[in-house]
Amino acid sequence: MSHIIAIANQKGGVAKTTTAANLGIGLAREGRNVLLVDCDPQGSLTVSLGYSQPDELDMTLTDLLAGVLMDKPAAPEQGILHHAEGVDLIPANISLSGMETSLVNAMSREKVLKQYLDTVKKEYDYILLDCMPSLGMLTVNTLAAADGVIIPVQAQYLSAKGMEQLLQTVGKVRRQINPKLKIAGVLLTMVDQRTNYAREVSDLLRRTYGGKVRIFSTDIPHSVRAAETSAEGKSIYLHDPKGKVAQAYAQLTKEVIQLEKQREKHSPEQSR
């Protein structure tokens, strides 16, 4: 059973891509088969995994989605890159911004990504979708394809305030397109526990939303070393294996695995 998780927040700079890469590689280190999908025309996930010139790649997510739109689906292995740390990647580049325009006029436009993922998901335990910082058609496609959403939120007031809009979008997608969609959890990122401000925002989020959605017990600390990984093309586990960010992502990985075990346990009971 494949678990498809969108990592989404319409606000940029909240560590979506860092989370997608390090959670994905963390899951691979725990023996899971993982596919990472870069759903952002900026190609940040592609670059952070070592493909520094995404515009020069032969095949990207744009081509795979175009194949679905033209009823010419790609072969299952086509367009998938293999990273040295044990994850697979579907890359993206700027051409994906044109695909967003094409999707507006497509039939079943919200489910084009889902149609593609349905052809490959049996090969993977986890598929992580790194969303662009907007609530446009590409992000709606990721939410339509996903079982769950992880929402990274920086421990700042404005970042936390912007989360409300995403929660409303998730609710709308659940009602109208994908009734299976759940919020896997809110992840506090770039937390500087040395400051009273970060602690106050963290406490505010837990008080305000803790009764409505899960907030991961793991916080991702602020660290310059984490930002450096994008230029290195490798995960925090290789770049700074004994650092606090590597430890935090390893702990988050265990939380996500535990969540999915609980879900699998309840699924047979619900289907009776």
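The residues in region 205-245 that are out of contact with any helix residue (DSSP H, G or I) (no Cβ under 9 Å at 6 or more places or on another chain) and on the phi > 0 side of the Ramachandran plot can be counted, and the count is 0. Considering region 50-61, and only residues there that are buried (at least 17 other Cβ atoms within 10 Å of the Cβ) and among the hydrophobic types (A, V, I, L, M, F, W, C), the residue that is farthest from the chain's Cα centre (by Cα) turns out to be 57. When you scan region 183-201, do you find a residue that is open to solvent by less than 80 Å² (accessible area, probe 1.4 Å), touching an Asp or Glu at 6+ places or on another chain (Cβ under 8 Å), of a type outside the set (S, T, N, Q) and at positive phi, even just one? Within region 183-201 (the criterion being open to solvent by less than 80 Å² (accessible area, probe 1.4 Å), touching an Asp or Glu at 6+ places or on another chain (Cβ under 8 Å), of a type outside the set (S, T, N, Q) and at positive phi), the answer is yes, since at least one residue qualifies. Looking only at region 77-120, residues that are among the charged types (D, E, K, R), farther than 14 Å from residue 51 by Cβ and either touching a residue at least 24 places away in the same chain (Cβ under 8 Å) or open to solvent by less than 20 Å² (accessible area, probe 1.4 Å) (or both) come to 5 in all.
Of the listed requirements (1) more than 18 Å from the chain's Cα centre (by Cα); (2) open to solvent by less than 10 Å² (accessible area, probe 1.4 Å), residue 208 misses just one: (2).
Which residues, counting only those in region 62-73, are touching a residue at least 40 places away in the same chain (Cβ under 8 Å) and open to solvent by less than 50 Å² (accessible area, probe 1.4 Å)?
The first filter runs over region 62-73 and keeps only residues touching a residue at least 40 places away in the same chain (Cβ under 8 Å), leaving 64-65, 67-69, 73.
Of everything in region 62-73, those that are touching a residue at least 40 places away in the same chain (Cβ under 8 Å) and open to solvent by less than 50 Å² (accessible area, probe 1.4 Å) turn out to be 64, 65, 67, 68.
Can you confirm whether residue 45 is aliphatic (A, V, I, L, M) and buried (at least 22 other Cβ atoms within 10 Å of the Cβ)? Here the answer is yes, as residue 45 does meet what is asked. Does residue 168 fit the bill of being open to solvent by 70 Å² or more (accessible area, probe 1.4 Å) and over 27 Å from residue 210 (Cβ atoms)? Criteria not met by residue 168. For region 30-49, a residue qualifies if it is over 14 Å from the mean Cα position of the chain (by Cα) and farther than 25 Å from residue 254 by Cα, and the qualifying residues are 41, 42, 47. Here the helices (runs of 4 or more DSSP H) wholly within region 123-234 that include at least 2 residues being within 14 Å of residue 15 (Cα to Cα) are 157-161, 224-232.
The values are calculated or read from the model by the stated rules, or taken from the named source; none is laboratory data. Just so it is clear, the structure is predicted and the values come from calculations on it, not from any experiment. FYI the Cβ positions are ideal-geometry reconstructions off the backbone, even for glycines, and counts take in every protein chain you see. Heads up: the accessible areas ignore ligands, DNA and RNA and are worked out on the full protein's heavy atoms, side chains in. Shrake-Rupley method; radii C 1.70, N 1.55, O 1.52, S 1.80 Å.
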